[in-house]
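One structure below.
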Amino acid sequence: MGCEEFPEEYGLGEAKSGVPLGGLGTGYITLGSDGAFQEIVTMGNPRSPILRPERSFLAIFTSSAECKVAKVLENPAPLGLPAVKYLKYSGLFPFANIRYIDDELPVDLRLTAFSPFVPGDSKHSGLPVALFKLVARSKVSEPLTVAVLFSWEGSSLGSKVFEEEGVKGVTLEVEQGNYTIASTIEKGIEVEVSPPWTKSDVKLFWDDFAEDGKFAEFKGSLGEDIARALVLRFTITPFEEKDTVFALSWFFPDLRDSEGKFIGRMYANWFNDSKEVAVYALRKFRNLYEQTSALHRGVKAFKLPEWLEDALLNSLYSLAKNTLWIKDGKFAHSESFTGCPITETIVCRFNGSLPILLFFPELELKVIRHFAFLQREDGAIPFAFGKPEFFDKPYYETQKSLDSSEFVLMVYRDYLFTGDEKFLEDLYPHVKKAIRYAQSLDTDGDYLVNEVSMQYYDQWRFYGTSAYVAGIWLTALRAAEEMAKIIGDEKFSAECRAWFDKGRENYERKLWNGTYYRLYNEPETGKISEVCLCNQLMGQLYAYLLGLGDMFPREHIVSTLQAIFRLNVRATKFGAVSGVRPDGTPEPGPHSETVIFGEVMNYAATCLYVGLRDEGLEAARKAYENIIYYQKSPWNIHFSYDRETGKPVWGSNYYSNMCVWHLLPAWLRVDIGKLREYIRNTFH
């Protein structure tokens, strides 16, 4: 499974989303399964993408002794132009692959498009560029002239052709920035830039290209937004194959937060305009292609089921769609720019941030340090940096029952993976304050955090002590105990152990029903729920990830996972229903009766850790197969899906869904420390 070996192909227009082309925090461009550039999100416009710009497209011209053919490589084609008949589309992030199928063309055409994603190299994974390789193979027994055209839409602000360092292209100025299309100058390939053209010039433009794959010096209409095209022209002998390489780069440094305050782009520290980006990326094309392909080879080396390889890689699309990397170096991931725009909700990163730690640990530590910076004086950890796009507007009450515990667990996780002692020394006082704050949320003296706020299921109210929140709290106490030992804080370490022992005893007494853990129990009011929650052992999953062992009796853990399989997994064809009653019927409610994609993945990972491999893999496979086969949307995974139809219910492009990466250490049966060695040996 290299970058050109794809497990699933979609027909023309079948996929409901396309692979996003873009780097960390750069914005992105979506190449869709109809061959079109469907969304342009490069200008700080995630909720108002430019849709299908008509003069931004790829096209092909061929000429033989018999005939000439010219077609746009998408269907339907814009502006009434002739379209390629059919195509097959596939993708494994960050690669998109298209096979164009047209019996009128005397060549077979294959396009590979990607943006660099280099594990361990955040700069080269943060380039505002999409790179393309189009392979043309002759199907006929006579020489052919072939011209590949790449047109891009600009504005009335002008454009400039350039040639430098073996690269030729054109930069198009638009409001607040610019785009560049360019190619390397190779022997045997003519590189030409068209004159500016407007919508009024479309017939003149196309007829000129379709005549000989070249452009005469026509004059475009005045006073209109222009486009320009890059043309790569070459000849191929019978049955010969030839590659062409080109780039699209962008530069929009004036990024603002939601109040209009300048925050900028990280990439503006490295480049001055899109031309510099294109030249840089094209000169490094072979290395960037090889290093990005290594991501796929690395995943393949783990010998996972093919669907799981696919799920791991494609889940990373969120890093292109949902990230911010601003000029002062701060990094953040939105819960979902399109579905729930909040900057770095701690509950989503608790689920979905593992890949950031594995591949870009320096960015992960920046995020955790910023959470510590925003910690309230009383120890409360913020729920998020701000809403929608802020780094300095934290708020604290939304899920305060969870926030501090999740922060503590991620600090310990990140320390174990990086071995960064300075990080632990700096963060330890914040960990201690977070534990102190969480202790204050024990309102009934049972040493367990109570349901004083909403939690992960923010439309599903729990009461008293819940398996989900209290389980995460118990694991946080164990993590804090271990960190205190490392620091040498014996008193606090002993206190955490005492709280853990007493809390676990009460957890078992209040919640264990003989088969699994109750959803919640509040003896003071008599509120109790026997609903079986798919994600009730989330704290236990983190305990395994952190090498802390069993939080609860092993027989209870296994019994719970088996009960979830019998009740929750069997209640749907699409993974597992979130909340199910003892009689097997789903609990009514917007969260409880749905399939929550990330929850299913966490359940599956916990199963793998305790040896219930068949149960875990079945649930996870069904959830992912719904995405790729039925919803046909692996590059827009929603938060939740209907248990009966499999259709999306809520939350497009969700950050937390990268929790599928919890399945990797669970498959290997290793903790985060041992996973570090696998990652370093495999990807770096």
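The values are calculated or read from the model by the stated rules, or taken from the named source; none is laboratory data. Here the structure is a predicted model, which is why all the values come from computation and not from measurement. Note that we place each Cβ from the backbone using ideal geometry, even for glycine, and neighbour counts take in every protein chain shown.
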### Task
Would you check which residues across the stretch 161-173 are assigned to a strand (DSSP E or B) and either in contact (Cβ under 8 Å) with a residue 24 or more places away in the chain or small (Gly, Ala, Ser) (or both) and list them?
Val161, Phe162, Glu164, Val167, Lys168, Gly169, Val170, Thr171, Leu172
### Filter result for Leu79 (surrounded by fewer than 23 Cβ atoms within 10 Å (Cβ to Cβ), out of contact with any Pro (no Cβ under 8 Å at 6 or more places or on another chain) and assigned by TED's automatic domain parsing to the domain that holds Trp270)
yes
### Message
Suppose we filter the stretch 513-531 for residues that are within 20 Å of Met454 (Cβ to Cβ) and assigned to a loop (DSSP other than H, G, I, E, B); how many remain?
### Response
5
### Query
Taking the stretch 196-210 on its own, how many of its residues are surrounded by fewer than 18 Cβ atoms within 10 Å (Cβ to Cβ) and touching a residue at least 60 places away in the same chain (Cβ under 8 Å)?
2
#### Entry: Residue list for the stretch 37-58, filter: more than 28 Å from Phe262 (Cα to Cα), in contact with a Pro (Cβ under 9 Å, 6 or more places away or on another chain) and touching a residue at least 40 places away in the same chain (Cβ under 8 Å)
Glu54, Arg55, Ser56, Phe57
### Message
Residue pairs, Cβ under 9 Å, 6 or more apart or interchain, first in the stretch 318-331 and more than 15 Å from Ser652 (Cα to Cα) and of a type in the set (Asp, Glu), second modelled with pLDDT of 95 or more and crowded, with 23+ Cβ neighbours inside 10 Å. List them.
### Response
Asp328/Met266
### Summary
Screening Leu12, Leu24 for residues that are assigned to a loop (DSSP other than H, G, I, E, B), out of contact with any Pro (no Cβ under 7 Å at 6 or more places or on another chain), outside the structural domain of Pro238 (by TED's automatic domain parsing) and among the aliphatic types (A, V, I, L, M) leaves only Leu12
## Note on the structure
Conditions (1) surrounded by fewer than 20 Cβ atoms within 10 Å (Cβ to Cβ); (2) touching a helix residue (DSSP H, G or I) at 6+ places or on another chain (Cβ under 9 Å); (3) of a type in the set (Phe, Trp, Tyr); (4) not in a helix (DSSP H, G or I) -> Phe423 fails only (4)
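Looking at the stretch 550-581, which of its residues are touching a strand residue (DSSP E or B) at 6+ places or on another chain (Cβ under 7 Å) and closer than 23 Å to Arg509 by Cα?
His556, Thr560, Ala563, Ile564, Leu567, Gly579, Val580 - these are the residues of the stretch 550-581 that are touching a strand residue (DSSP E or B) at 6+ places or on another chain (Cβ under 7 Å) and closer than 23 Å to Arg509 by Cα.
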### Task
Sort out which residues of the stretch 573-609 are among the β-branched types (Val, Ile, Thr) and within 15 Å of Gln536 (Cα to Cα), and write them in order of number.
Val577, Val580, Val595, Ile596, Val600, Thr606
### Boolean, Ser656 is in contact (Cβ under 8 Å) with a residue 40 or more places away in the chain, within 12 Å of Ile596 (Cβ to Cβ) and polar (S, T, N, Q)
yes
### Task
Those residues that are within 27 Å of Glu677 (Cα to Cα), touching a strand residue (DSSP E or B) at 6+ places or on another chain (Cβ under 7 Å) and touching a residue at least 60 places away in the same chain (Cβ under 8 Å), I need them from the stretch 357-402; list them, please.
Leu363
### Message
Residues that are free of Cβ contacts under 8 Å to residues at least 60 places away in the same chain and closer than 30 Å to Trp650 by Cβ: does the stretch 473-484 have at least one?
### Response
no
### Those residues of the stretch 431-446 which are buried (at least 17 other Cβ atoms within 10 Å of the Cβ) and not in a helix (DSSP H, G or I), in sequence order
Leu441, Asp442, Asp446
### Task
For the stretch 603-612, indicate whether the set of residues that are under 26 Å from the mean Cα position of the chain (by Cα) and over 25 Å from Gly549 (Cβ atoms) is non-empty.
no
## Note on the structure
Considering residues that are under 16 Å from Glu615 (Cβ atoms), surrounded by fewer than 19 Cβ atoms within 10 Å (Cβ to Cβ) and within 30 Å of the chain's Cα centre (by Cα), the number found within the stretch 549-580 is 2
### Summary
By my count, helices (runs of 4 or more DSSP H) wholly in the stretch 566-684 with at least 1 residues that are more than 29 Å from Arg297 (Cβ to Cβ), in contact with a Gly (Cβ under 7 Å, 6 or more places away or on another chain) and at pLDDT below 95 are none
### Task
Kindly provide the set of residues from the stretch 273-290 that are acidic (Asp, Glu) and farther than 14 Å from Leu172 by Cα, ordered by number.
Glu290
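Per-residue answers, yes or no, for (1) of a type outside the set (D, E, K, R); (2) free of Cβ contacts under 8 Å to residues at least 12 places away in the same chain; (3) in contact with a Cys (Cβ under 7 Å, 6 or more places away or on another chain); (4) under 30 Å from Ser315 (Cα atoms):
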site	(1), (2), (3), (4)
Val69	yes, no, no, no
Ala83	yes, no, no, no
Pro128	yes, no, no, yes
Lys139	no, no, no, no
Glu142	no, no, no, no
### Task
Mind listing whichever residues of the stretch 365-417 are closer than 17 Å to Gly352 by Cα and basic (Lys, Arg)?
Lys366, Arg413
### Message
Just checking, does the stretch 404-417 include any residue being small (Gly, Ala, Ser), closer than 30 Å to Arg509 by Cα and at pLDDT 95 or above?
### Response
yes
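For every residue, the table says whether it meets (1) in contact (Cβ under 8 Å) with a residue 60 or more places away in the chain; (2) under 27 Å from Val135 (Cβ atoms); (3) surrounded by 16 or more Cβ atoms within 10 Å (Cβ to Cβ).
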{"position": "Glu186", "(1), (2), (3)": "no, yes, no"}
{"position": "Ser194", "(1), (2), (3)": "no, yes, yes"}
{"position": "Lys219", "(1), (2), (3)": "no, no, no"}
{"position": "Ile226", "(1), (2), (3)": "yes, no, yes"}
{"position": "Ala229", "(1), (2), (3)": "yes, yes, yes"}
